[in-house]
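The values are calculated or read from the model by the stated rules, or taken from the named source; none is laboratory data. Please read these numbers as outputs of a predicted model, since none were measured by experiment. Note: ideal-geometry Cβ built from the backbone for every residue, glycine included; neighbour counts use all protein chains shown. With ligands, DNA and RNA removed, areas are computed over all heavy atoms of the protein, side chains included. Shrake-Rupley method; radii C 1.70, N 1.55, O 1.52, S 1.80 Å.
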Amino acid sequence: MWHDMAQMGDEWSSELRKGSIQLCMLALLRHAPKYGFQILKELSNLTKGYLELKEGTLYPALHRLEKRGLLKSEWVIEGDSAPRKYYSITPKGRAALDEGLDEWKWMVDGCEALLEAEK
Amino acid sequence: MSDDYAARLGRALYWADTDLKRRIVAEIAAHRSEAATAGMKRSDEPPGVVAKRYLQIYGFGIAFTALCALAGAAFGFLSAVQADISWLDGLQLLSLLAALLLTAWCGIAGGMRSGLAVGCAAAVARLVAMAVGVLVQGYAVEALSLALFVASCAMVPLIGFLGGEARKRWGEE
């Protein structure tokens, strides 16, 4: 029983994370370009540790968004530090983010209404 | 970099073209170097698992696809080669099976472009082998057998196409 509940918890977590990672990445890049390490830290901090990704998950996800034309990237050398690859949102990415946020708001409002009604 | 993770990732990206591999490895190496400087824990995910995620995005590179197409052509040629040897049927069947499996794998793992390239290479090589047998070595082939043979050749790229389609569908889920 406990084992089943723990497994359910993992499933919820995995599914919810999967659905929110791309949206959160686009939202994070809405106002300014950021590099991978910075995105990783901010995703973790701003989601209170919920989206704590490994680099092997983060970078392929960024590449996927870039390949779909939602992000673009460029290597930047700042002072004496090592080069960093900055990601920025494209107009297509901005449109996708707006669409995603509408969908997200609808889902959250709807689910909260249901959970409240069935309390 | 203090660890050899990036080098191991580079080896796991054997299917990628040099430029893409270089960009992926440089990015991960820069990240790990920065994480080490900041005293953060670095991921110890197996490089093969990470490489697979990139493979799902990019598919096989041109060089690796060409290598697979070469192997597909060799299998395709052997699957239709004509010779007076007792175990020819077995050789042809095994080679055809190998060509089909290779084509399907390239379509599923490497993408539609790779599947079609390998399938076409195998099909053309089969046709060439048959043409050599008929026109140069003088083997006789009935019209019906020839039609069936040509149809079987067309099946090979189709397998590559279907593999590529399956990859797309699975990727969307």
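A few points about this structure:
- Residue within the stretch A:92-108 that is closer than 29 Å to B:Met40 by Cβ and within 14 Å of another protein chain (Cβ to nearest Cβ) present: no
- Meets criteria (modelled with pLDDT of 95 or more and surrounded by 12 or more Cβ atoms within 10 Å (Cβ to Cβ)) for A:Arg84: no
- Being polar (S, T, N, Q), in a helix (DSSP H, G or I), in the same structural domain as B:Ala71 (by TED's automatic domain parsing) and open to solvent by 20 Å² or more (accessible area, probe 1.4 Å) is a property that does not hold for B:Ser114.
- If the condition is being more than 8 Å from every other protein chain (Cβ to nearest Cβ), over 19 Å from the mean Cα position of the chain (by Cα), open to solvent by less than 40 Å² (accessible area, probe 1.4 Å) and not small (Gly, Ala, Ser), then the stretch B:18-29 contributes only B:Val25.
- Restricting attention to the stretch B:56-69, the residues that are in contact with a helix residue (DSSP H, G or I) (Cβ under 7 Å, 6 or more places away or on another chain) and assigned to a helix (DSSP H, G or I) add up to 6.
Residue-wise test of (1) in the same structural domain as B:Ala151 (by TED's automatic domain parsing); (2) more than 17 Å from B:Ala154 (Cβ to Cβ); (3) among the acidic types (Asp, Glu).
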position	(1), (2), (3)
B:Ala66	yes, yes, no
B:Leu70	yes, yes, no
B:Phe75	yes, no, no
B:Asp84	yes, yes, yes
B:Leu91	yes, yes, no
B:Leu96	yes, no, no
B:Ala99	yes, no, no
B:Trp105	yes, yes, no
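- With respect to the conditions (1) over 23 Å from the mean Cα position of the chain (by Cα); (2) open to solvent by less than 50 Å² (accessible area, probe 1.4 Å), B:Gly160 falls short on a single one, namely (1).
- The conditions of being within 14 Å of chain B (Cβ to nearest Cβ) and farther than 28 Å from B:Glu34 by Cα are met by A:Glu15.
- Looking across the stretch A:72-119, the residues that are assigned to a loop (DSSP other than H, G, I, E, B) and small (Gly, Ala, Ser) come down to A:Gly79, A:Ser81, A:Ala82.
- Beta carbons closer than 8 Å, at least 6 apart along the sequence or on distinct chains, pair a first residue in the stretch A:99-119 that is closer than 16 Å to A:Gln22 by Cα with a second that is of a type in the set (A, V, I, L, M) for A:Gly100/A:Leu23; A:Gly100/A:Leu26; A:Leu101/A:Leu23; A:Leu101/A:Ala27; A:Trp104/A:Leu23.
- When residues of the stretch A:1-25 are limited to those that are modelled with pLDDT of 80 or more and of a type in the set (S, T, N, Q), the one surrounded by the fewest Cβ atoms within 10 Å (Cβ to Cβ): A:Ser20
- Check on B:Arg32, within 14 Å of chain A (Cβ to nearest Cβ), buried (at least 20 other Cβ atoms within 10 Å of the Cβ), in contact (Cβ under 8 Å) with a residue 12 or more places away in the chain and charged (D, E, K, R): yes
- The residue of the stretch A:39-76 that is nearest to the other protein chains (Cβ to nearest Cβ), among those that are out of contact with any helix residue (DSSP H, G or I) (no Cβ under 7 Å at 6 or more places or on another chain) and of a type in the set (A, V, I, L, M, F, W, C), is A:Trp75.
- Answer from A:Leu51, A:Leu28 - the residue that is in contact with a Cys (Cβ under 8 Å, 6 or more places away or on another chain) and buried (at least 18 other Cβ atoms within 10 Å of the Cβ): A:Leu51
- Residues of the stretch B:41-55 that are of a type outside the set (Ser, Thr, Tyr), surrounded by 15 or more Cβ atoms within 10 Å (Cβ to Cβ) and either at the interface with another protein chain (Cβ under 7 Å from one of its Cβ atoms) or outside any helix (DSSP H, G or I) (or both): B:Arg42, B:Glu45, B:Val50, B:Arg53.
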